[in-house]
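Each value in this text was obtained by applying a stated rule to the coordinates, not by laboratory testing. What you see is a predicted model, and the numbers here were worked out from it, not measured in a lab. Cβ: placed from backbone, ideal geometry, glycine included. Neighbour counts: every protein chain shown.
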Amino acid sequence: MGLNTPEIELLGIAPEIALVVGALFILIVDAIIGEGGNKWHLWILSTIALGVSIFLAVQAWGSNELQMGDMIAVDGFAAFVKITLAVFALLTVWLSRSYLHRDGIEESEFYGLLLFAVAGMMLMASAADLIMVFLALETFSLALYVLVGFRRTSLTGQESAMKYFLLGAFSSTFLLLGIAFVYGAIGSTQMYGSSAAGAGAQGIATALVSLPAGEFTLLVIATGLLVVGLGFKVAAVPFHMWTPDAYQGAPSPVTGFMAAATKLAGFAALIRLLDAILFPLRGDWRPLVIGIAVLTMVVGSVLAVVQEDLKRLLAYSSIAHAGFVFTGIIASNDRGVSGSLFYLATYGITVLGAFAVIAVLGGRDERRTTVDDFRGLFYESPLLAGALTLFLLSLAGVPATVGFVGKLVVFGAAVEAGYSWLVVVGVLASAVAAFFYLKVLVVMYMQERQEGAEPATSGYGGLATGVIGLAALATVALGLYWSPLIDFAERATFFFSAGG
Amino acid sequence: MTEVSPGYFLALAGLLFTIGVVGVLVRRNAIVIFMFIELMLNAVNLFFVTFARMQGNLQGQVLVFFVLVVAAAEVVVGLALILLIARRRASLDVDKVRLLKW
Amino acid sequence: MSLPAYLPILFLLVLSTLFAVASIWVSSKLGPRKWTVAKLQPYESGIVPEEGVAENERFPVKFYLVAMLFIIFDIETVFLYPWAVAYEELALFGLIEMGVFVGLLVAVYVYVWKRGGLEWAE
């Protein structure tokens, strides 16, 4: 019996390898050096690892093939997502440095886990086999469970980590069951189906062509389970229960990272699955996804109105934003895919900026995160208030910010695909959402500062300021001059449904 | 030797998975919930192995390895988190742990 | 879609849900709960549990740490078995692959060691 040993080409997963090696290096070096000292080397090493990773991801731009025994798809879509993820991670690392240093919990494990998480998310973007999706998902989920509970002395932190863990593990079993059903239906877990591993090897894409029309039932059930499993990760209603708790209890930089990067990674897998692989089955999955999208937009926006805690409020807002991305997926045309990518990239930058402001203003141990704590903020630190205003306006989708452009693109794609009524729901949800963003603004500008309140900012580094500045700059610049990024996203979808 | 139809294995796996789901939704102790999640994972393993036999290839059995390893990693991370909470408070009841609204 | 072919799955889903709910409900109703001292003691294969350990902490935390490290390293060996089975066929390719795999494990081991995860005594 001859065994086919797969050809090993490292270019496709080089960005991930760089991150894993970097993370191990950071962990081991720090363990050997030991305690004490100002741990400035940690964030510099992380920055270098991420920089190398971005460089390698850019190298893969333009190639379009399956590698590693058809486990890894190296295409423009994956490259776009990987570069965006690494940028999110860079901002998070810089912000975390200030945050952890202030709170006195700076440890190598934080950076190591963050890099592992990013590596897992990148794998998710280029997974061309369902078992790869599962492994990538678990890689970043396990890292995130620990990161959420990284403030070990905080009771809320521990509690949110436990809830996130239990619900996350619960949801990934559904994803796994979906994978098992796919395997039961077609005898393999490959997405594309291969030319390399012999005649018998088929994937979902080839099976959809070759199977008779009546044989899809098990595959349809499997699709539903996959959507449920991934829907948990992107915080879609009704699988959103963990989101507010995890977002509130996690350290603010981690919350920002989860809102930006976890969503991007989860949606990357969803987009590849639904809009490329399972495109022929769209008549079957569309009703389900439309239901999820409508619920997500409406529930996220409505429940955000009653929140008192700013982090919880932004958690519900992130749920609503997941719904807007779903409209792009439902359109499942080129504009829908590129629009979703654009939306996720720009939403990520904005929400990272918003949580950076909260991280700075929350003070040591994050004591000040309720909306009331931000009363009269403008009169105390006008610059931070201005930045937060900008981010909130962008999240609300006000023109001249990037949030407006993003909504325009995904809604445009949905209209093009004939889902105007879905866009009407989306616009109504945005109108509700605008209300609670305005509520925060009113508190910041119109109300007097509380008597005897702690000073807003206490000891944060220049790095955090830089992150806020960069995010604010990107929010405005892309809001006025968006064509380069949209162009980039559009070229990312051209290579899309690659496959042998 | 009489051949046992794969249908029975599928039925058993489905039953185990459903018991797991119901258990997660009904029980309130974090450790017990986690045990039910493990039950669900193993039910999926049974699905994989049975489908592997029906499909006549080995891929499903290989996948079980990966599921096992991931499950072990989950156990380690999960127990560490649960232990951290247990040392700070007496209760592991997920309903009593409610600083955050559930 | 050939629904009739998968009707048994649907039927089974309903049936198993009912069974699961019913059995949990019945056991909560019927099961007598008589706690005795012997029942509440941790079972240690017939050995009488050691006295004098702190009230809420039946095992020292070190025990859990070592147990967790054991589980994670133990289960990784599962990947060595397929390699052993197909050792001849895989030849050099397999050797390199497993070298990378074991190398990663060694790196993690060094990390755990240096972080003091293996030190039993305080």
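Could you tell me which of rounded, prolate or oblate describes the stretch B:6-89, using a ≥ b ≥ c as the square roots of the eigenvalues of the alpha-carbon gyration tensor, with rounded for a/c under 1.5 and, failing that, prolate when a/b is larger than b/c and oblate otherwise?
oblate
Would you please classify the overall shape of the protein assembly as shown from the alpha carbon gyration tensor, given that a ≥ b ≥ c denote the square roots of the eigenvalues, rounded means a/c under 1.5, and beyond that prolate means a/b larger than b/c while oblate covers the rest?
Note, shape of the protein assembly as shown comes out rounded.
Which loop-located trypsin sites (Lys or Arg not before Pro) does the stretch A:115-166 contain, where loop means any DSSP state but H, G, I, E or B and the Cβ has at most 16 other Cβ atoms within 10 Å?
Those that pass, being in a loop and sparsely packed, are A:152.
Estimate the FRET efficiency between residue B:88 and residue C:13 by the formula 1/(1 + (r/R0)^6), using the beta-carbon distance for r and 45 Å for R0, to the nearest 0.05.
With R0 = 45 Å, the Cβ-Cβ based efficiency is 0.70.
Mind putting a number on the dipole of the protein assembly as shown about its Cα centre? Charges go on the C-beta only, +1 for Lys and Arg and -1 for Asp and Glu, and I need it in Debye to the nearest 20.
Around 1740 debye, computed over the protein assembly as shown.
Which lysines does residue A:233 reach when only Cα atoms under 24 Å apart count, and residues fewer than 8 places away in its own chain are ignored?
Hits, sequence-local ones excluded: A:82, A:163, A:263, A:311, A:407, B:101.
Calculate the spin-label point distance for residue C:106 paired with residue C:74, positioning each point 7 Å from the Cα along the beta-carbon direction, and give it in nanometres.
2.5
Rounded to the nearest 500 deg cm²/dmol, what is the calculated helix-only ellipticity per residue at 222 nm for chain A, with -39500 (n - 2.57) per DSSP H run of length n ≥ 4?
-23500 deg cm²/dmol
Can you list the lysines whose alpha carbon sits under 19 Å from that of residue C:114, skipping same-chain ones fewer than 8 residues off?
Candidates past the 8-residue exclusion: A:39, C:62.
How would the stretch A:239-397 be classified by its alpha-carbon gyration tensor: rounded, prolate or oblate, with rounded meaning a/c under 1.5 and the a/b versus b/c comparison settling the rest?
Judged from the Cα gyration tensor, the stretch A:239-397 comes out prolate (a/c at least 1.5, a/b above b/c).
Could you tally the net charge around residue A:329, taking each other residue with its Cβ under 14 Å from the Cβ of residue A:329, Lys/Arg +1 and Asp/Glu -1?
Result for the local shell: +2.
Can you tell which of A:100, A:219, A:193 lies farthest toward the positive end of the dipole of chain A, using +1 and -1 charges on the Cβ of basic and acidic side chains (Lys, Arg; Asp, Glu)?
Ranked along the dipole, the leading option is A:100.
Add +1 for every Lys or Arg and -1 for every Asp or Glu among the other residues with Cβ under 10 Å from the Cβ of residue A:161, and state the total.
Surrounding charge for residue A:161 is +1.
If r is the Cβ-Cβ distance from residue A:476 to residue A:333 and R0 is 22 Å, what FRET efficiency results, to the nearest 0.05?
The computed FRET efficiency comes out at 0.15.
Rounded to the nearest 0.05, what FRET efficiency do residue C:25 and residue A:432 have when you use their Cβ-Cβ distance and R0 = 51 Å?
0.80
Which of the listed residues, C:10, B:51, A:177, is farthest toward the dipole's positive end in the protein assembly as shown, when Lys, Arg count +1 and Asp, Glu count -1 at the beta-carbon?
Highest projection toward the positive end goes to C:10.
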